[in-house]
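These notes are about the structure you will find just below.
The values are calculated or read from the model by the stated rules, or taken from the named source; none is laboratory data. Note that this is a predicted model, so its numbers are computed, not measured. We place every Cβ from the backbone using ideal geometry, glycine too, and count neighbours over all the protein chains shown. Accessible surface areas use protein heavy atoms only, side chains included; no ligands, DNA or RNA. Shrake-Rupley method; radii C 1.70, N 1.55, O 1.52, S 1.80 Å.
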Amino acid sequence: MSGYQVNGGVVEHDEEGYLTDIGQWTKDVADIIAKAENIDMTDEHWEVVNFLRDYYDEYQIAPAVRILVKEMTKKYGKEKGDQKALYALFPYGPAKQACKIAGLPKPTGCV
């Protein structure tokens, strides 16, 4: 088990970089994970991350990309829910990579 160095402490993650305890997530942790994923967090990135965290709080599951696109479109409109736009923000997969930064488990159905 390895971990992210955060504010003098260690936040543990699995071999793929997903947090082992989602309760340890903070914005600082998200910034460190994003940096490890070569992503410079913008307001658009945070919008997706916060959406995912709210979704997880409500449903206790991380959505697969198809559901993420559908729900983002429903909440924010076609432009922000567009799959291409989400891949532009999270090139390694909007559900997979954004969930990792959001401190959530790997979405079901993601390889």
For LYS75, give me every one of the aspartates and glutamates with a C-alpha distance below 13 angstrom, ignoring sequence neighbours fewer than eight places off in its own chain. GLU47, ASP54
Ignoring GluC sites (Glu not before Pro) that are buried or in helix or strand per DSSP, and keeping those with at most 12 other beta carbon atoms within 10 Å, what is the longest stretch of the chain between them? 17-111
Nearest-0.05 FRET efficiency for THR108 and LYS35, computed from C-beta distance (R0 35 Å): 0.85
Give the Rg/Rh ratio for the chain, taking Rg as the radius of gyration of the Cα atoms and Rh as the Kirkwood radius, to two decimals. 0.95
Residues of segment 18-48 with backbone nitrogen within less than 12 Å of a virtual label 7 Å along the Cα-to-Cβ line of TYR76, please, listed as ranges. 42-48
Residue-normalised value, i.e. accessible area per residue, for the chain at 1.4 Å probe, in Å², stands at 58 Å²
Taking only Cα atoms, what is the 0 to 90° angle, nearest 10, from helix 27-36's long axis to the longest principal axis of the chain? 90 degrees
Checking the cross-link filter: which lysines have an alpha carbon closer than 21 Å to that of LYS100, excluding same-chain neighbours under 8 positions apart? LYS27, LYS35, LYS70, LYS80, LYS84
Non-local residues with an amide H under 5 Å from the amide H of HIS13, with H modelled 1.01 Å from N and Pro and chain starts lacking one, are SER2, GLY3, TYR4, THR20
What does the accessible area of THR108 come to, in Å² to the nearest 10, when a probe of 1.4 Å is used? 90 Å²
Would you calculate a helix-derived [θ] at 222 nm for the chain, using -39,500 (n - 2.57) for each DSSP H run of n ≥ 4 and dividing by the full residue count, to the nearest 500? -15000 deg cm²/dmol
If you roll a 1.4 Å probe over the chain with all protein chains in place, what percent of the accessible area is carbon or sulfur? 49 percent
